[in-house]
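Colleague: Quick one: the structure is below, and I'll ask about it shortly.
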Amino acid sequence: MSEQPPAAPLTAQEIDAFLERYAAGDDVGRIAADFDTSISTIVRYANARKVRRPAGTARRSRVKTLTAEQLEELRTAYPDPNRKPAEIARTFGVSVEMLARIASNEGLRRPK
């Protein structure tokens, strides 16, 4: 199993760009995926800078819906012991917890 190098630190321009999208109400999971960072990082910066989201942009659904293509990719990736759940979750722009929920709904299991 090869270990991936740590992600490069975010630049000030990247932080400003994702906070602008955050303030506009864009999906936080998608923002995180686009900037190859975690949802918690996005929220941490937003809280530190007191950036607020528009009313009505709170979680719309408890389980994100994936496209048929994404579900097919998930069926291949999720059981692969060489891929970490965090890496797979970033691919789909969801949290690890949401990934586990979607996988469970699809009847997918990780090898032990």
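Colleague: Yes or no: Pro54 modelled with pLDDT under 85, more than 14 Å from the chain's Cα centre (by Cα) and not aromatic (Phe, Trp, Tyr)?
Modeller: Numbers: modelled with pLDDT under 85: yes; more than 14 Å from the chain's Cα centre (by Cα): yes; not aromatic (Phe, Trp, Tyr): yes.
Against the criterion (modelled with pLDDT under 85, more than 14 Å from the chain's Cα centre (by Cα) and not aromatic (Phe, Trp, Tyr)), Pro54 qualifies.
Colleague: Working carefully through the options Thr37, Thr76, find the one that is assigned to a helix (DSSP H, G or I) and modelled with pLDDT of 85 or more. Walk me through how you get there before you give the answer.
Modeller: Working: Thr37 fails: assigned to a helix (DSSP H, G or I).
Exactly one residue qualifies, and that residue is Thr76.
The values are calculated or read from the model by the stated rules, or taken from the named source; none is laboratory data. Treat the numbers as computed from the prediction; the structure is a model and nothing was measured.
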